[in-house]
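Inspection log for the structure reproduced underneath, given as structure tokens.
Since every read-out is calculated from the coordinates, none of them should be taken as a lab result. The shown structure was predicted, so the numbers you read here are calculated from the model rather than taken from an experiment. Using ideal geometry, Cβ is built from the backbone for each residue, glycine included, and neighbour counts are taken over all protein chains shown.
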Number of protein chains: 2
Amino acid sequence: MSMENAVPERVIEDRLKRILDLASREGLEYVLLAQPENVQYATGFDVVGNPPKTAYALVAESLEGPILMVPPLEYKEAVDTVSPLVKVVSFKLGEKPLKALLRLLVEYQVRGCVGLDLCTREMADGLRAKLEVREVKDLNDGLLKLREVKDSYEVECIRQATRVVEAGLQRAYEVLREGVREVDVAAEVERALRIEGAEGMAFDTIVASGPRSAYPHAKPTKRVIKRGEVVVVDLGVRVHGYCSDMTRTFIVGENREASQVIAAVKGAQEAALKVMRDGVKASTPDAEARRALKEKALDEYFIHSLGHGVGLSVHEGPALSSSSNDVLREGNVVTVEPGVYIPGKFGVRLEDVVLINKGGWSRISRLEGL
Amino acid sequence: MSMENAVPERVIEDRLKRILDLASREGLEYVLLAQPENVQYATGFDVVGNPPKTAYALVAESLEGPILMVPPLEYKEAVDTVSPLVKVVSFKLGEKPLKALLRLLVEYQVRGCVGLDLCTREMADGLRAKLEVREVKDLNDGLLKLREVKDSYEVECIRQATRVVEAGLQRAYEVLREGVREVDVAAEVERALRIEGAEGMAFDTIVASGPRSAYPHAKPTKRVIKRGEVVVVDLGVRVHGYCSDMTRTFIVGENREASQVIAAVKGAQEAALKVMRDGVKASTPDAEARRALKEKALDEYFIHSLGHGVGLSVHEGPALSSSSNDVLREGNVVTVEPGVYIPGKFGVRLEDVVLINKGGWSRISRLEGL
């Protein structure tokens with residue numbers, strides 16, 4: 001079976017080191033992962049997607065490598081595709097996931113202080129009842145923070161996903177014209193995304209025309225697009241598990257008011273980007289984008305936050321919003337997506353993806369002129 | 001704005017009555033919903049999808065109708081599309097969801113016994129700290145059970161979604177031939193699904209050829225399909241929020257061994273269907289399918305459960321598995337999907353959707369000859 005998509009061994013080794021460093025700082029002997037993104041991060045197995053697979057990972061200094069536990073139906077794919085560093089074990093057929101997991105933990109004599117990324121009462125009680133576990137610690141926030149800083153393999157995956165999304169937006173530009181329906185645009189765009197290498201959609205494709213473009217999350221309908229209308233196209237795909245997420249706003253024919261709003265949103269994006277670099281509070285670019293839109297009396301129509309981190313999850317930290325307590329760090333990959341939504345008329349959103357570095361940022365999305 | 005997709009008022013009224021009956025049996029004065037499927041069920045707002053929208057619903061006998069709470073970016077779409085029975089309110093811009101929710105509950109003087117479908121410690125503590133709440137009860141299982149029995153509107157939505165999936169499988173049959181890649185098949189099929197009326201995919205499309213068909217959850221790759229190979233195509237879409245989910249296994253050219261396995265899997269499906277009706281334990285058809293495969297010495301390769309309920313969630317109750325404690329009930333809509341996966345060789349899965357009734361079941365999927 002082909003190993004071409006396996007995550008390189010050095011990448012898995014680096015990640016394990018990062019997880020074990022976190023565990024050591026928290027005084028933990030074992031880390032038990034149940035969130036799909038974390039399991040994929042630690043093992044390289046293709047867990048994320050819609051829906052994610054059921055899978056657990058156990059990581060500890062005392063183990064030779066991570067243990068990946070999956071139901072029987074995923075076992076062979078896991079064995080054939082993960083790095084030799086990862087040991088794959090299986091539930092019994094028909095066994096409930098929590099029961100299988102506890103069986104694994106008993107077998108590996110897990111004890112002492114254990115960190116979990118999904119700290120339900122059921123899980124915590126199960127650990128304490130069956131094992132000599134002294135303490136159970138919620139490690140979810142720590143792991144989220146860790147995943148916010150991308151390694152170069154991750155950046156390359158997001159870059160590839162972004163190339164695919166750009167091809168989809170290019171296709172939207174080609175097929176958008178008076179008389180086509182939103183669903184026709186979605187059909188052509190998604191076809192292009194697949195052929196360009198999408199392994200799945202990161203989220204439901206948005207194609208929203210005319211007054212529907214003022215709904216930020218509108219799904220494609222049979223609505224026929226008319227001359228002079230605005231169309232918001234927001235696309236996301238996964239490549240090697242990693243997401244990208246971009247938006248462009250098109251005008252079919254001419255619309256002077258919409259052109260002015262597009263220019264204003266572009267200005268807001270530039271204002272936000274100007275202040276983005278390692279060490280800056282993630283609320284600052286959001287405030288800058290709002291300030292720029294206020295100058296055009298459009299700030300009341302910017303009804304969502306400026307952006308979010310992108311990785312194995314399409315929406316992760318840091319949060320670029322007014323209420324965010326995050327700080328931008330070198331290695332963050334984030335969207336910058338100001339929008340203006342005028343009810344009953346039209347909406348405009350422009351979304352790009354950038355990589356934060358010490359002095360500023362570099363583009364991951366590079367689609368210009370659209 | 002068009003209301004053509006709004007859930008009919010009588011349907012919303014019926015559902016509210018069912019939720020309030022459940023609340024009354026549990027001694028609850030208020031029901032607070034946070035699971036996307038439950039919020040959509042109670043309000044008719046399009047919440048489910050990938051990812052689902054953030055939204056809450058509050059239901060109580062003492063209220064005129066359900067309260068739907070959404071972030072600012074969803075507010076206008078919600079107001080324009082839900083039934084007049086539903087009152088829509090919004091978070092403040094930048095307000096954290098839990099904070100917004102507690103503000104709503106204080107405003108509506110929620111007190112006494114409250115049922116929740118997402119009973120995190122944070123939520124329960126928040127309720128007790130801010131409100132005169134005497135008791136917090138986890139209502140998740142009760143609501144899942146309630147949603148397992150479909151009303152006629154729901155059955156019609158699933159039926160429409162199934163027609164769309166069938167058109168996609170028909171398209172797969174047309175394009176499958178020697179030399180095409182898995183991704184090409186996925187691209188053509190998903191294009192057809194969109195044009196036929198899919199508002200989104202219920203899960204990542206599966207197109208798995210040759211030895212990859214032995215992975216039940218394989219994603220489409222650039223692998224070129226060869227003559228004599230098996231191809232498993234598993235598709236799901238949403239229509240009006242409701243999912244369908246069907247699988248067919250194709251042979252490109254001829255493959256005698258695979259043909260025999262397909263016949264055996266078909267026999268297992270028939271054996272399972274023979275015992276399905278209201279009142280039967282949901283583990284019984286799973287056992288029947290295994291028994292039929294055992295007669296062909298193929299049972300060791302049936303490495304997953306027989307099926308699952310389908311509705312606003314693509315995987316919901318009842319569970320048709322060996323460890324299931326569920327009982328089939330009139331109004332359940334379930335998949336019946338035996339499979340045989342021979343590592344390194346090929347896999348076969350056949351999945352149909354049926355509606356359980358008193359005396360047996362009726363077909364929802366009706367694609368024959370594929």
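How high is the FRET efficiency from B:Glu95 to B:Ala297, r the C-beta distance, R0 51 Å, rounded to 0.05?
On the way: r = 61 Å, r/R0 = 1.20.
Computed FRET efficiency for B:Glu95 and B:Ala297: 0.25.
Give the nm distances, rounded to one decimal, from B:Asp138 to the matching residue in every other copy, measuring between label points 7 Å along Cα toward the beta carbon; shortest first.
1.5
Using helices alone, what [θ] at 222 nm do you get for chain A, with -39,500 (n - 2.57) per DSSP H run of 4 or more residues, divided over all residues and rounded to the nearest 500?
Per the formula, -12000 deg cm²/dmol.
Between the label point of B:Asp21 and that of the same position in each other copy, find the distances and list them shortest first in nm, with every label point placed 7 Å from Cα along the Cα-to-C-beta direction.
5.8
Rg/Rh for segment B:152-363 to two decimals, with Rh computed the Kirkwood way over all alpha-carbon pairs.
Details: Rg = 16.5 Å, Rh = 17.1 Å.
With Rg and the Kirkwood Rh in hand, the quotient comes to 0.96.
Along segment A:200-207, what does the Karplus equation 6.51 cos²θ - 1.76 cosθ + 1.60 (θ = phi - 60°) give for ³J(HN,Hα), rounded to whole Hz, x for Gly and Pro?
x, 8, 6, 6, 4, 4, 10, 10
Could you give log10 I(q)/I(0) at q = 0.15 Å⁻¹ for chain B, computed by the Debye formula over C-alpha point scatterers of equal weight, without solvent?
-1.21
Hull surface divided by four, with the convex hull built on the Cα atoms of segment A:252-370: how many nm²? Intermediate results must be reported in sequence, preceding the final value.
Details: hull surface 30.5 nm².
One quarter of the hull surface, i.e. the mean projection, equals 7.6 nm².
Quick one: Debye curve from the alpha-carbon atoms of segment A:135-255 only, equal weights, vacuum; give me log10 I(q)/I(0) at q = 0.15, 0.18 Å⁻¹ to two decimals.
Debye curve over Cα of segment A:135-255, log10 I(q)/I(0) at q = 0.15, 0.18 Å⁻¹: -0.68, -0.87.
Count the net charge of all other residues whose Cβ sits under 9 Å from the Cβ of B:Ala23, scoring Lys and Arg as +1 and Asp and Glu as -1. Before the final figure, lay out the partial values.
Working: positive: B:Arg25; negative: B:Asp21, B:Glu26, B:Glu29, B:Glu61.
With Lys, Arg at +1 and Asp, Glu at -1, the neighbours total -3.
Report, as an integer, the average count of C-beta atoms from other chains found within 10 Å of each Cβ along A:315-328.
Values: counts 1, 0, 0, 0, 0, 0, 3, 3, 6, 1, 0, 0, 0, 0.
Counting Cβ atoms of other protein chains within 10 Å of each residue's Cβ and averaging gives 1.
What distance in nm separates the two pseudo spin-label positions at B:Lys358 and B:Ser24, each 7 Å out from Cα along the beta-carbon direction?
Taking the simple label geometry, B:Lys358 and B:Ser24 are separated by 2.5 nm.
Amide H neighbours of A:Val237 under 5 Å, counting only residues 5+ apart in sequence or on other chains, H built in-plane at 1.01 Å?
Residues meeting the amide H criterion: A:Ala202, A:Ser244.
Along its three principal axes, how long is the protein assembly as shown when you only count alpha carbons? Whole Å, largest extent first please.
Taking the Cα atoms of the protein assembly as shown, the three principal extents are 76, 59, 59 Å.
Please average, across the residues of A:339-346, the number of beta carbons from any other chain that are within 10 Å of each residue's own beta carbon, and give a whole number. Write out the running numbers ahead of the final one.
On the way: counts 1, 0, 4, 0, 6, 3, 0, 0.
Mean shielding count: 2.
Thinking of segment A:9-148 as a set of Cα atoms, what percent of all their pairs are more than 19 Å apart?
Numbers: 4455 of 9730 pairs.
For segment A:9-148, the fraction of Cα-Cα distances above 19 Å is 46 percent.
How many partner chain Cβ atoms sit within 10 Å of a residue's Cβ in peptide B:186-192, on average, as a whole number?
Mean number of neighbouring Cβ atoms from other chains: 6.
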